[in-house]
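Here is the structure we will look at.
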Amino acid sequence: MAKSFKQIVAESVRQVLREHVDEVYQLQTAENLIRKQWESSDDFWYVFVTQRRKDNLNNFHKNHFGDASARFSANYIAYGIVSGNTVEEAIESLRHIKMIVNPSYQRMVSNHGRAVKEIESPRDISAVILLCNRFNARCYMAINKRSRTTTNAYADSLKQRGLEKGREFQFAAGRQMINDDPHVKWTQVRPWGLIDCDIDDKGAQAELEKYLKDNNIDYEDKYESHDGMHYLFSNRDAQKLKYDFFDKKYRALNGGIPRRNSDPMVMFKGDANMILYSATGF
């Protein structure tokens, strides 16, 4: 049977994404992180696609509870994990990630030409990129690995508590399954952090890097964001420094980018998520 024009265009788009995936998807940065953290097949990294309210003020889709109120600042569209018996298998699982689509979004995904089974098949990440484009969303990966054993045990306990407390708690518990036992000191098992530099100025970024170097703090990697640079750290030493002077000096430079007055220009985030792909800018 001859392919329709729509099918031909869709296949062409996917082919272009496959050929240029490293240019639009922070794969190399994520691969470097996985190589530095991987120790065993028990390790995994959580990946999710989320639609942020602030990026979709006029088109924020209904959440699980059937409303688009201020109850949530973001909707979770799909999720998956990166893992493997070897570090190379883990990296391959990132390039061919299997995502599970949130039931609340399955009909919307299907109605816009994206079969749920295609996104939930471990093929290539072009399906994830197109999913982000469809919902003006972002795909993130947790910068700290999780433990399958610990997370499974915690998920089982949440499930039991959810059955006791009802449907609403079950939903919240499902969202929290990425977390390990909350009684464990997570700053020890998840030491990696991120500096979010919202200054799109090379001079300011060089000043930040010199400030870190002068304080004997090295970053593991960095990647460009929509309005600045993100720096990855393997420990929390950078959290001890103060960055408010960057705000006073450079806030006017990014005046055209929407942000609350309370949002700092440079901020350290512990146990953060790195952007893999963004339809809303980085």
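The values are calculated or read from the model by the stated rules, or taken from the named source; none is laboratory data. Quick caveat, the model's predicted, so the values are computed rather than measured. Cβ atoms come from the backbone with ideal geometry, glycine included; neighbour counts cover every protein chain shown. Please note that ligands, DNA and RNA were not included when accessible areas were found on the heavy atoms of the full protein model with its side chains. Shrake-Rupley method; radii C 1.70, N 1.55, O 1.52, S 1.80 Å.
Please pick out the residue among Y211, Y140 that is of a type in the set (S, T, Y), at pLDDT 85 or above, surrounded by 12 or more Cβ atoms within 10 Å (Cβ to Cβ) and closer than 30 Å to N102 by Cβ.
Residue meeting the stated conditions: Y140.
Taking each residue of segment 228-246 that is among the aliphatic types (A, V, I, L, M) and looking for partners that are open to solvent by 60 Å² or more (accessible area, probe 1.4 Å) and outside any strand (DSSP E or B) with beta-carbon atoms closer than 8 Å, six or more apart or interchain, yields L232/Y219; L232/E220; A238/Y219; L241/N215.
Y231 meets the conditions (1) modelled with pLDDT of 95 or more; (2) open to solvent by 50 Å² or more (accessible area, probe 1.4 Å); (3) under 26 Å from R52 (Cβ atoms) in every case but one. The failed one is (2). Checked against (1) at pLDDT 85 or above; (2) surrounded by 15 or more Cβ atoms within 10 Å (Cβ to Cβ), K242 passes all but condition (2).
The set of residues in segment 33-57 being at pLDDT 80 or above, open to solvent by 50 Å² or more (accessible area, probe 1.4 Å) and in a helix (DSSP H, G or I) consists of R35, K36.
Of the residues D180, D196, D237, D218, the single one that is acidic (D, E), surrounded by 17 or more Cβ atoms within 10 Å (Cβ to Cβ), within 17 Å of G270 (Cα to Cα) and at pLDDT 90 or above is D196. Of the residues making up segment 8-28, at least one is modelled with pLDDT under 80, hydroxyl-bearing (S, T, Y), farther than 30 Å from N235 by Cβ and open to solvent by 50 Å² or more (accessible area, probe 1.4 Å).
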